[in-house]
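Trainee: Quick one: structure below, then a few questions.
The values are calculated or read from the model by the stated rules, or taken from the named source; none is laboratory data. All figures in this text were calculated on a predicted structure; none of them were measured in a lab. Note that we place each Cβ from the backbone using ideal geometry, even for glycine, and neighbour counts take in every protein chain shown.
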Amino acid sequence: MTKRKTQSKNPFQKVVKRSKKFIKKLIRTVKNKPNLKKCEDFCKNDYMVEMKRVIKKTSEKYNVPYVSPTKEQDEFTYNTCKKTFCNESCDGFDLFGDKQKQIEFKRKIKNGFQDTYSTDRIEMLKKKGALSGCVDVMDYDVFHK
């Protein structure tokens, strides 16, 4: 009798697992390793720090106690950053299997960036080390100090 692995019923766990799997694939397929390293540094040293600051500020605004993110939440944020900002072809966004939405999503990508990004935002992201902007992240202010 063999033991089967128990599947996690938590949807967040499934998303985290899928995200980790995609990031491993992304690392294997990216040809330009120095740019990927610079983008990973951007995620660790800029994006994650700024997002923690935004969450802390938001919790103060709504008078909710700030709770430091767990290691798993930090890893998910980091992988989300890599999927969004280090993914020049913007692969890995399945949009719940809707083929029409996938086609529309790909159509809105110009040179790795969503068409909602302004030229100034694209230049600043590239300056900081990002390779792409697959999704327009509203909470992240690229012009912060």
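Trainee: Mind checking which pairs have a first residue in the stretch 37-51 that is farther than 19 Å from Leu26 by Cβ and a second that is at pLDDT below 95 and assigned to a helix (DSSP H, G or I), Cβ under 7 Å, 6 or more apart or different chains?
Mentor: These pairs meet every condition: Met51/Thr77.
Trainee: Now, a different point. Checking Tyr66 against (1) touching a Lys or Arg at 6+ places or on another chain (Cβ under 6 Å); (2) hydroxyl-bearing (Ser, Thr, Tyr); (3) closer than 20 Å to Ser19 by Cα, which single condition isn't satisfied?
Mentor: Just one mismatch for Tyr66, condition (3).
Trainee: Look through the stretch 44-85, keep the residues that are β-branched (Val, Ile, Thr) and surrounded by 13 or more Cβ atoms within 10 Å (Cβ to Cβ), and return whichever of them is farthest from Met124 (Cα to Cα).
Mentor: Filtering the stretch 44-85 for residues that are β-branched (Val, Ile, Thr) and surrounded by 13 or more Cβ atoms within 10 Å (Cβ to Cβ), the one farthest from Met124 (Cα to Cα) comes out as Ile55.
Trainee: Oh, and also: Has the stretch 130-142 got any residue that is over 15 Å from Tyr47 (Cα atoms) and surrounded by fewer than 19 Cβ atoms within 10 Å (Cβ to Cβ)?
Mentor: No: the stretch 130-142 contains no residue that is over 15 Å from Tyr47 (Cα atoms) and surrounded by fewer than 19 Cβ atoms within 10 Å (Cβ to Cβ).
Trainee: Name the helices (runs of 4 or more DSSP H) wholly inside the stretch 63-145 in which the number of residues that are β-branched (Val, Ile, Thr) is 3 or more.
Mentor: Hits in the stretch 63-145: 71-85.
Trainee: Let me ask something else about it. Please go through the stretch 109-125 and give me each residue that is more than 15 Å from Val137 (Cβ to Cβ) and surrounded by 12 or more Cβ atoms within 10 Å (Cβ to Cβ), ordered by number.
Mentor: Once the filter is applied, which keeps residues that are more than 15 Å from Val137 (Cβ to Cβ) and surrounded by 12 or more Cβ atoms within 10 Å (Cβ to Cβ), the stretch 109-125 yields only Glu123.
Trainee: Is it the case that some residue within the stretch 59-78 is touching a Cys at 6+ places or on another chain (Cβ under 9 Å), at pLDDT 80 or above and closer than 24 Å to Phe143 by Cβ?
Mentor: The answer is yes; a qualifying residue exists.
Trainee: Filtering the stretch 5-27 down to residues that are part of a loop (DSSP other than H, G, I, E, B) and not β-branched (Val, Ile, Thr), which residue is modelled with the highest pLDDT?
Mentor: Asn10
Trainee: Determine the pairs where a residue that is under 13 Å from Met48 (Cβ atoms), located within the stretch 129-145, has a partner that is outside any loop (DSSP other than H, G, I, E, B) and of a type in the set (A, V, I, L, M) with Cβ atoms under 6 Å apart, the partner being 6 or more residues away or on another chain.
Mentor: Matching pairs, first to second residue: Asp139/Val54.
Trainee: Here's another thing I want to ask about it. With Lys110, Lys99, Lys82, Lys106 as the choices, which residue is in contact (Cβ under 8 Å) with a residue 24 or more places away in the chain and basic (Lys, Arg)?
Mentor: Lys82
Trainee: Criterion first (at pLDDT below 90, within 20 Å of Val135 (Cβ to Cβ) and either of a type in the set (Phe, Trp, Tyr) or surrounded by 13 or more Cβ atoms within 10 Å (Cβ to Cβ) (or both)) does Val30 satisfy it?
Mentor: It is true that Val30 is at pLDDT below 90, within 20 Å of Val135 (Cβ to Cβ) and either of a type in the set (Phe, Trp, Tyr) or surrounded by 13 or more Cβ atoms within 10 Å (Cβ to Cβ) (or both).
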